[in-house]
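Presented below is the structure to which this report refers.
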Amino acid sequence: MVFFLVSTAFSGLSLAESSKDCFNAVYIPPHKITQRTFDEIVHYATLTPVNAVVLHVKSPKGRLLWPSENTIAVQLGVGANHSGLEKHVARLKKDNIRTIAKLDVFADHQLAGAMPDLSVIDSSSGTPWTDANDLHWANPSDSRVWDYNIALSKELARMGFDEIQFDYVRFPSDGDLSIISYPNTLPGFSKSDCIESFLKKAHDELKPLGVAISADVFGLTAWKTDDFGVGQVLEKMAPHLDVICPMFYPSHFPSGFLGKQSPGEFPEMIMEASMRSMMNRTDKPVRPWIQGFWYRPQQIVAQIDGIENASGNSWSIWSPTGRYGLSYQAMADRSGVCLSKPKFYPGVTDLVSENDRSIRGHSAVVNYTNFKMGFSILSLEASENGKRSRYSSPAAILATLEEGIMDSILKKRAIPFNPDAEPYTKRKLLSDLLCSDLGKDARRMRPGPIYIDWSQDCTFSAKGIPQARLDKYTQELQGATEKEPATVSSPEAINIASISENIFGVSSNPVINPTISILSR
């Protein structure tokens, strides 16, 4: 359940007003590709110019955020076992958010390490070369590496992405470059020829699938006509791209650039001059990266002003953490919009009028919550017929609690936390709290009623459960077993009181008689 506090005030460039060729994006790192992140983006898209996201789906380590069927990816084991990526893409597109898949191409630690014949080679040892970050690189000169990345891009295009954005589409720039060897390089082929050939092949094979193609390039590409050692020459790359994405981070330009001792202190000037320099050399759309890290809102605003001064209308903001509070504030300040924070879930005060709720596993009630009286009774669930229950850990049963209840417990117990944090962060805190209250290691816990009065002291307990409340849980438990009776290989009838005493080492109310069949673990 997601609730938004949405302002009706639109000012400046909003999603509804933007043209089909104007895209303003935020970068989302792999660990932030979650429902919570996209709820936030959809909310702020109603208040700011943001109407696109760049999802980092292939990292320099070569890991993929989707379960690829590509033969090499399967052989390397780099694909995700489970992924909600396709679901996230569909959701974003439904909300008119452009979806851009960012693939790191030639920085590919897994591919180069596992398949040395496809790697950049250390000529002194004959083994895969490593850069300054201890990463192996795939060989930009090898067409088999091109084919691998193009094949992955095709999977993403079929998944529904609107655009494929290539990053690390260059030769290495950091580390001991003097010992590098590039096997299989065609005679007479320069580095820029290799990059151009890869992009041409990618364009020819991907365009029939209906996706746009873009590439990240160093900021100096706007100012240099040679490849400055990495193979990026604007005039060779641009014909095969729909969008060019230069990294014009002001703080990254060298001292003395444009006569400034500290270029990072002049974000508007650096951005405007760089945009003009690049746009004078190509008629392809330029969507620069804005520096969203280290800077305050006014410096982020200055970069957007610089882009618009140069007649640019698209940009992407980069923050390696994936947090954009300051960037959203910058956009709001610039357009005069009053930001409202998204409300992702109902608070505990919004829940008190809800009816009782039970969540059942295959043979047990893992969560009975009485909202009006303000308590919950939880229980782990045992395996059945050798099949492990999804509710076999404290974190799993705590995940069944409403997030507003989680917040209330953490606040009352004075546990420091960020209310906007991902739910799994809160579950970890609550799991530690539960184990501490019960004096049990999470791995040694077994099924049994765990009580918490989240309207009062918010202490987890396996004993002293008020009789009337335990009766309610028992009624739910009986209903669960009548509807879906458990099947056991070695059945034994255990009443609820004995479960609590046997498994948690404490005595619960001994007057409870109903029985259930449950497997010991």
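Protein chains only, probe 1.4 Å: how do Arg296, Arg98, Arg287 rank by accessible area, largest first?
Details: Arg296 130, Arg98 45, Arg287 5 Å².
Highest to lowest solvent-accessible surface, that is Arg296, Arg98, Arg287.
If you sort Lys236, Lys341, Lys94 by accessible surface, 1.4 Å probe, largest first, the order is Lys94, Lys341, Lys236. Rounded to 0.05, the FRET efficiency of the Asn184 and Phe228 pair, given R0 = 30 Å and the Cβ-Cβ distance, is 0.80. Annotation: per residue accessible area for the stretch 130-277 equals 39 Å², rounded to a whole number [probe 1.4 Å, protein chains only].
When N counts the residues of the chain, how does its alpha-carbon radius of gyration compare numerically with 2.2 N^0.38 Å, as a ratio?
Numbers: Rg = 28.1 Å, N = 521, 2.2 N^0.38 = 23.7 Å.
Computed over Cα atoms of the chain, the ratio equals 1.19.
Considering every alpha-carbon pair of the stretch 164-216, the percent of pairs per 5 Å bin, from zero through the bin containing the longest distance, is 4, 15, 23, 22, 16, 12, 6, 2, 0.
Over all distinct Cα pairs, what is the inverse of the mean 1/r for the stretch 282-435, reported as the Kirkwood hydrodynamic radius in Å? Value: 19.4 Å, from the Cα pair sum.
Size descriptor for the stretch 226-301, Kirkwood hydrodynamic radius: 13.5 Å (Cα pairs only, one decimal).
Put simply, the amide H of His56, placed in the peptide plane, has neighbours under 5 Å in Ile28, Lys102, leaving out anything fewer than 5 places away on its chain. Under a no-solvent Debye model with one identical scatterer per Cα of the stretch 206-360, what's log10 I(q)/I(0) at q = 0.09, 0.15, 0.18 Å⁻¹? These q points yield log10 I(q)/I(0) values of -0.40, -0.83, -1.10.
Relative to the 2.2 N^0.38 Å rule of thumb, the stretch 226-266 has a C-alpha radius of gyration ratio of 1.46.
Grab the DSSP H runs of the chain that are 4 residues or longer, score each as -39,500 (n - 2.57), total them, divide by all residues and round the 222 nm result to the nearest 500 deg cm²/dmol. Walk me through the numbers before you get to the answer.
Working: 16 runs with 168 residues, N = 521.
The helix contribution divided over the chain gives -9500 deg cm²/dmol.
Given a 1.4 Å probe and the protein chains as shown, Val74 ends up with an accessible area of around 90 Å². Using heavy atoms of the protein chains and a probe of 1.4 Å, the accessible area assigned to Lys387 is about 150 Å². Size of the stretch 117-205: Rg and Dmax of its alpha carbons, in Å, are 14.1, 44.
Using alpha-carbon positions, what is the distance between the centroids of the stretch 166-243 and the stretch 81-116, in Å? Between the Cα centre of the stretch 166-243 and that of the stretch 81-116, the gap is 20 Å. Rounded to the nearest 10 square angstrom, Asp471 shows an accessible area of 60 square angstrom against a 1.4 Å probe. Based on alpha-carbon atoms, the Kirkwood radius and the radius of gyration of the stretch 61-185 give Rg/Rh equal to 1.03. Of the beta bridges in the chain, as assigned by DSSP with both residues counted there, near 45 percent are antiparallel.
Rounded to the nearest 10 degrees, the inclination of helix 35-45 to the longest alpha-carbon principal axis of the chain is 60 degrees. Shown for the chain: the carbon plus sulfur share of the solvent-accessible area, taken with all protein chains present and a 1.4 angstrom probe, equals 50%. Value of Rg to Rh for the stretch 51-108, rounded to two decimals, is 1.02; Kirkwood radius and Rg both from alpha-carbon coordinates. Applying Stokes-Einstein at 25 °C and 0.890 mPa s to the Kirkwood radius of the stretch 322-386, computed over alpha-carbon pairs, gives a translational diffusion coefficient of 155 µm² s⁻¹.
The values are calculated or read from the model by the stated rules, or taken from the named source; none is laboratory data. On a predicted model such as this, the values are computed, not experimentally measured, just so you know. Note that each Cβ is placed from the backbone with ideal geometry, even for glycine, and that neighbours are counted across all protein chains shown. Only protein heavy atoms, including side chains, enter the accessible area calculation; ligands, DNA and RNA are left aside. Shrake-Rupley method; radii C 1.70, N 1.55, O 1.52, S 1.80 Å.
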